Amino acid sequence: VNTRDHPLRVDAVIIGTGQAAPALAAALAQHGERVVVFEGGALGGSCVNVGCTPTKTLRKSARVAHLVARAAEFGVHTGTVHIDFAAAMDRTAAVVEASRAGLTRWIEGTDGVTVVREWAALAGRDGAQFVVQGDHTTVVAPRVYLNPGTRPFVPPIPGLADVPVLTNENVMALRERPEHLVILGGSYIGLELGQIFRRLGSAVTIVEAAPAVAAREDEDTSVRIADMLRAEGIALLTDTQVERVASHDEIARATLSIALQVRDQSTDAVQELRASHVLAATGRLPNTERLGLASVGVAVDDRGFIPVNGRLETSVPGIWALGDVNRRGAFTHTSYQDHEIVLANHLGGARTADDRISTYAMFTDPPLGRVGMSERDARAQMERGRRFLTASHEMQFVSRAKEEGETTGVIKVLVDADTHRFVGATLLGIGADEIVQVIGAMIAADAPYEVLRDALPVHPTVTEFFPTILGKLKPLT
Ligand SMILES: Cc1cc2nc3c(=O)[nH]c(=O)nc-3n(C[C@H](O)[C@H](O)[C@H](O)COP(=O)(O)OP(=O)(O)OC[C@H]3O[C@@H](n4cnc5c(N)ncnc54)[C@H](O)[C@@H]3O)c2cc1C
């Protein structure tokens, strides 16, 4: 046991094994450093355990169920289809377990890296170095990297705390299919999970307080997403507040034992929803309050996130914040890239997150792929004199989409009218999560759109339509 009087002295401490930590620890160790990594929960953080990996795994079961239900359209007759919900969940658990086990083997087996399975916090200074205090272990180091991630925010709705609320952290433990799943929050996580559970056979209602689902997207994109989900039988209540939640004791043995009183904010109409399960997908809170940040003076913002500069340095030299807590992105790929930035700079480079282009996907089926500006962003910039070109193409006119029988969606691109550089793209449709990265690469290469317009595509793919689309560019008005 290392005490405050006899601490372990190393070159760097990492708190939290989010998506930046393992790769950073391994790379620093490869450069000869001794690194301690603290993890109080499950190794691998949200993505591996309760985020990307389980949702994208279960999504496949949902997609198979969806395709089987459509099989006759493709000339395939399957007979009676039975969805084994527990088996789908077990498959998900097995993929998560394998992923976590692989990560654990790698990081615990890396020479120079010591993984300490304890919650940890900064606990002041030892001279010019920082003291990090775990449950039992004390470590002193000149550099500390914070990668503690976020957790689900459950809104303070009267009665909600008295019913068993699901979040992304416990929903994958279900082995019985919810009869009626009510999801609070119609943003990316709520929409992904809603479609998955609907396809696995649950009735699903999504309640969203904003006037649209995926409200950060352009209005036409939100409408398309809503139409697509409603067509699968998901009830979407937008502009709707949950006022009260109650568990009906008298019907406790009935499956629909949770009552939610909801109010439509535009009409003021009140209705009661009866749910078997309620899942909160209403935002995330940073895991920073127990990090001992005040003991060394690391500043946080009013929501508890840790402001950083482009080099991801906090207000205290020698302490960096990586991943979702620095608000430079809320994705695995942004967290992973954070490790590349701090590592490159540690080794004498000059990388920054300031030039990061927002890039992400929402893994509904079909997915939404997004890079750079939305049309709303572009219009805001037009007020400051910028000019843009835009073009769009409906998926129903894409031959590959027709061949696949998956014609939902649209491709929209935005180009700077003066520089001819892409500034953004929104793709909703088959393969959009992959295809959008073509535009991301064009932006990263700082190449004019004509390069893509004149490049040779493969037929039949969705990507082959970029030259056609770029031939239709018109000023954004
Ligand atoms: C349902 C869901 C689906 C998602 N799907 C996607 C997706 O498809 N693609 C995508 O890019 N992103 C997705 N995300 C987001 C993604 O999971 C996160 O952006 C990603 O995990 C990066 O998080 P992070 O590195 O900040 O830390 P996290 O992954 O949140 O990990 C932080 C770790 O730090 C540990 N920790 C915290 N405090 C301490 C402490 N004091 N001491 C010791 N350990 C501590 C925690 O236990 C945790 O293990 C999804 C998220 C959710 C919730």
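Exactly one residue out of Val300, Val296 is aliphatic (A, V, I, L, M), more than 30 Å from Glu406 (Cα to Cα) and touching a residue at least 24 places away in the same chain (Cβ under 8 Å): that is Val296.
Contact map, the stretch 73-85: residues that are without any contact (Cβ under 8 Å) to a residue 24 or more places away in the chain paired with residues that are assigned to a loop (DSSP other than H, G, I, E, B), Cβ distance under 7 Å, separation 6+ or inter-chain. No pairs are found.
Within the stretch 213-228, residues that are over 14 Å from Phe363 (Cα atoms) have Cβ atoms under 6 Å from residues that are of a type in the set (Asp, Glu) in these pairs: Asp218/Glu375, counting only partners at least 6 apart in sequence or on another chain. Out of the residues in the stretch 139-154 that are surrounded by fewer than 20 Cβ atoms within 10 Å (Cβ to Cβ) and assigned to a loop (DSSP other than H, G, I, E, B), which is nearest to the ligand (Cβ to nearest atom)? Out of the qualifying residues, it is Phe153. A single member of Val398, Val462, Val436, Val415 is out of contact with any helix residue (DSSP H, G or I) (no Cβ under 7 Å at 6 or more places or on another chain) and open to solvent by less than 20 Å² (accessible area, probe 1.4 Å), and it is Val436. Residues that are out of contact with any strand residue (DSSP E or B) (no Cβ under 7 Å at 6 or more places or on another chain), buried (at least 19 other Cβ atoms within 10 Å of the Cβ) and of a type in the set (A, V, I, L, M, F, W, C) within the stretch 173-206 comprise Ile189, Ile196, Leu200, listed in sequence order. When you scan the stretch 367-377, do you find a residue that is among the hydroxyl-bearing types (Ser, Thr, Tyr), without any contact (Cβ under 8 Å) to a residue 40 or more places away in the chain and open to solvent by less than 30 Å² (accessible area, probe 1.4 Å), even just one? The answer is no, given that none of the residues of the stretch 367-377 is among the hydroxyl-bearing types (Ser, Thr, Tyr), without any contact (Cβ under 8 Å) to a residue 40 or more places away in the chain and open to solvent by less than 30 Å² (accessible area, probe 1.4 Å).
The residues of the stretch 293-311 that are in contact with a strand residue (DSSP E or B) (Cβ under 8 Å, 6 or more places away or on another chain), open to solvent by 50 Å² or more (accessible area, probe 1.4 Å) and small (Gly, Ala, Ser) amount to a single one, Ser295.
Just to be sure, is Leu279 in a loop (DSSP other than H, G, I, E, B), in contact with a Leu (Cβ under 9 Å, 6 or more places away or on another chain) and buried (at least 23 other Cβ atoms within 10 Å of the Cβ)?
no
Among the residues here, Leu28 qualifies as within 21 Å of Pro142 (Cα to Cα), in a helix (DSSP H, G or I) and open to solvent by less than 50 Å² (accessible area, probe 1.4 Å). One residue alone among Thr288, Thr334, Thr314 is crowded, with 21+ Cβ neighbours inside 10 Å, touching a strand residue (DSSP E or B) at 6+ places or on another chain (Cβ under 6 Å) and not hydrophobic (A, V, I, L, M, F, W, C), and that residue is Thr314.
A quick yes/no check of all residues on (1) part of a helix (DSSP H, G or I); (2) more than 16 Å from the ligand (Cβ to nearest atom); (3) among the hydrophobic types (A, V, I, L, M, F, W, C); (4) touching a Pro at 6+ places or on another chain (Cβ under 6 Å):
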{"position": "Arg59", "(1), (2), (3), (4)": "yes, no, no, no"}
{"position": "Val68", "(1), (2), (3), (4)": "yes, yes, yes, no"}
{"position": "Glu73", "(1), (2), (3), (4)": "yes, yes, no, no"}
{"position": "Gly79", "(1), (2), (3), (4)": "no, yes, no, no"}
{"position": "Ala121", "(1), (2), (3), (4)": "no, no, yes, no"}
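Go through the stretch 222-273 and give me each residue that's modelled with pLDDT under 95 and among the basic types (Lys, Arg). Passing the criteria: only Arg253.
One line per residue, one yes/no per condition, for (1) modelled with pLDDT under 95; (2) open to solvent by 30 Å² or more (accessible area, probe 1.4 Å); (3) more than 20 Å from Trp320 (Cβ to Cβ); (4) acidic (Asp, Glu):
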position: Pro54; (1), (2), (3), (4): no, no, yes, no
position: Ala69; (1), (2), (3), (4): no, yes, yes, no
position: Phe85; (1), (2), (3), (4): no, no, yes, no
position: Thr92; (1), (2), (3), (4): no, no, yes, no
position: Trp106; (1), (2), (3), (4): no, yes, yes, no
position: Thr114; (1), (2), (3), (4): no, yes, no, no
position: Leu122; (1), (2), (3), (4): no, no, no, no
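What do you reckon, is Glu33 more than 16 Å from the ligand (Cβ to nearest atom), in a loop (DSSP other than H, G, I, E, B) and either modelled with pLDDT of 95 or more or within 20 Å of the chain's Cα centre (by Cα) (or both)? Here the answer is yes, as Glu33 does meet what is asked.
The values are calculated or read from the model by the stated rules, or taken from the named source; none is laboratory data. Just so it is clear, the structure is predicted and the values come from calculations on it, not from any experiment. Cβ coordinates were reconstructed from backbone atoms using ideal geometry, including for glycine residues, and neighbour counts include every protein chain displayed. Calculation scope for accessible area: heavy atoms of the full protein, side chains included, ligands and nucleic acids excluded. Shrake-Rupley method; radii C 1.70, N 1.55, O 1.52, S 1.80 Å.
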